[in-house]
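Shown next, in structure tokens, is the structure this report addresses.
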Amino acid sequence: MYDRDIQVAVIGGGYWGKNLVRNFHRLGVLRAVCDLSENVRDIVLKSYPGVTVTDNSADVFADPSIHACVIATPAESHFRLAVAALAAGKDVLVEKPLALRVSEAEQLVDIAQRRKKILMVGHLIQYHPAFECLTGLAQAEELGRIDYAYANRLSLGKIRREENALWSFAPHDISLILGLFQEMPIQVTAVGGAYLQATVADVTLSTMLFENGSRAHFFVSWLHPYKEQKLVLVGTKKMAVFNDTAGPQDKLRLFEKGVNLNNGEWTVSRDQGTTVTYPDVEPLLVECRHFLESVQNRSRPRTDGYEGLRVLRVLQCCQRSLQMNGEPVHVLAQIGELLQL
């Protein structure tokens, strides 16, 4: 539980920020919204009477009644705003990615640790009830050892100029895969193509290799004719599919392995799968409540700064491989806490 006296400010109330504004207001803790757009500020004033609006983040940082800041601005401003919020003594939730450089993320983690402030990253799918259920199945070894995973995150748009599809879409899937495998990969490769803007990749395919030989790949694109958000796990015992574009209560299915060796011959039996039930609650509401509980209890968030740093390290290595047309890049965990999964 959390104390409703906790007061939260959302910085960036537009494209995604409006959903954070809605949920923190629903949780009874929304104090202020900061946005450069007059239209966004007008919408907030009309929709949430009593909430303070401003176009200057310094107003938020200087307000002693605000305990926590939620940053949902364009990615290139995350580091600057998060540093300012932490320096002002606020707990911070930053939308993904935590920063655009590993060195910046390391600074944020260090500042939060020294100031004893909560630093959390908005890796939303970690808080999806279906994924929480899948994580429970994996931890209970229902799937056996995970040998292979793949994730597709595809749609038509939103096309960005300041970051490519890898940085825009892949943080979610990297976060999920690292959480399920409970270790960092030792090597990554990535290839892709830039078709709309010469220096901004619209499509990328990346692969992670883990020390025990397991692999995972993730395919992301904003040049795709239909939306797909799917994670497939193949374990030594069972297989699982988390399909976030499926209907309610049909997003998570569990399959028997269906492959057996009999008298030297491989046999395959196909399974329709079993639907796994999970609580029907909005993932963003779960994430926002988790942040408030971390602030209240001074507890480590599930997607804390170190988790965000791990994701950034993999992203940076994928970007390096992408720039070298798929040359393998070794992932070096240079901070001990990166391995504390």
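The values are calculated or read from the model by the stated rules, or taken from the named source; none is laboratory data. Since the structure is predicted, the reported quantities are computational estimates derived from the model, not experimental observations. Note: ideal-geometry Cβ built from the backbone for every residue, glycine included; neighbour counts use all protein chains shown.
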All but one of (1) farther than 30 Å from C317 by Cα; (2) among the β-branched types (V, I, T); (3) surrounded by 19 or more Cβ atoms within 10 Å (Cβ to Cβ) hold for V51; state the number of the condition that does not hold.
(3)
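Here's the yes/no breakdown for (1) of a type outside the set (A, V, I, L, M); (2) out of contact with any Gly (no Cβ under 9 Å at 6 or more places or on another chain):
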site: Y150; (1), (2): yes, yes
site: R160; (1), (2): yes, yes
site: N164; (1), (2): yes, no
site: P171; (1), (2): yes, no
site: G193; (1), (2): yes, yes
site: L196; (1), (2): no, yes
site: D202; (1), (2): yes, no
site: M208; (1), (2): no, yes
When you scan region 46-85, how many residues do you find that are touching a helix residue (DSSP H, G or I) at 6+ places or on another chain (Cβ under 9 Å), hydrophobic (A, V, I, L, M, F, W, C) and farther than 20 Å from E287 by Cα?
9
Return a yes/no flag: does region 155-165 have any residue that is surrounded by fewer than 23 Cβ atoms within 10 Å (Cβ to Cβ), in contact (Cβ under 8 Å) with a residue 60 or more places away in the chain and hydrophobic (A, V, I, L, M, F, W, C).
yes
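Please work out if G14 is in contact with an Asp or Glu (Cβ under 9 Å, 6 or more places away or on another chain), surrounded by fewer than 21 Cβ atoms within 10 Å (Cβ to Cβ) and assigned by TED's automatic domain parsing to the domain that holds R115. Break it down into steps so the answer makes sense when it comes.
Numbers: in contact with an Asp or Glu (Cβ under 9 Å, 6 or more places away or on another chain): yes; surrounded by fewer than 21 Cβ atoms within 10 Å (Cβ to Cβ): yes; assigned by TED's automatic domain parsing to the domain that holds R115: yes.
Against the criterion (in contact with an Asp or Glu (Cβ under 9 Å, 6 or more places away or on another chain), surrounded by fewer than 21 Cβ atoms within 10 Å (Cβ to Cβ) and assigned by TED's automatic domain parsing to the domain that holds R115), G14 qualifies.
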Residue in region 117-143 that is surrounded by the most Cβ atoms within 10 Å (Cβ to Cβ), counting only those that are farther than 13 Å from P301 by Cβ and free of Cβ contacts under 8 Å to residues at least 60 places away in the same chain
T135
What pairs come out if I take residues in region 75-89 that are within 15 Å of G305 (Cα to Cα) and modelled with pLDDT of 95 or more and pair them with residues that are in a loop (DSSP other than H, G, I, E, B) and of a type outside the set (F, W, Y) whose C-beta lies under 6 Å away, six or more apart or interchain?
H78/A99; F79/A99; L86/K117
Please count how many residues of region 76-99 are aliphatic (A, V, I, L, M) and crowded, with 20+ Cβ neighbours inside 10 Å.
9
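Yes or no: E183 touching a Ser or Thr at 6+ places or on another chain (Cβ under 7 Å) and either in the same structural domain as Y150 (by TED's automatic domain parsing) or in contact (Cβ under 8 Å) with a residue 24 or more places away in the chain (or both)?
So E183 does not fit the description; no.
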Going by the conditions given, is P171 part of a loop (DSSP other than H, G, I, E, B), under 14 Å from C317 (Cα atoms) and either at pLDDT 95 or above or not hydrophobic (A, V, I, L, M, F, W, C) (or both)?
no
With respect to I159, is the statement that it is in a loop (DSSP other than H, G, I, E, B) and either within 21 Å of P74 (Cα to Cα) or modelled with pLDDT of 95 or more (or both) true?
yes
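Could you check region 75-109 and list, in sequence order, the residues that are over 15 Å from the mean Cα position of the chain (by Cα) and part of a loop (DSSP other than H, G, I, E, B)? Give the derivation first.
Taking region 75-109 as the starting set, the residues that turn out to be over 15 Å from the mean Cα position of the chain (by Cα) are 76-77, 79-92, 101-104, 106-109.
Those that are over 15 Å from the mean Cα position of the chain (by Cα) and part of a loop (DSSP other than H, G, I, E, B): A88, G89, K90, R101.
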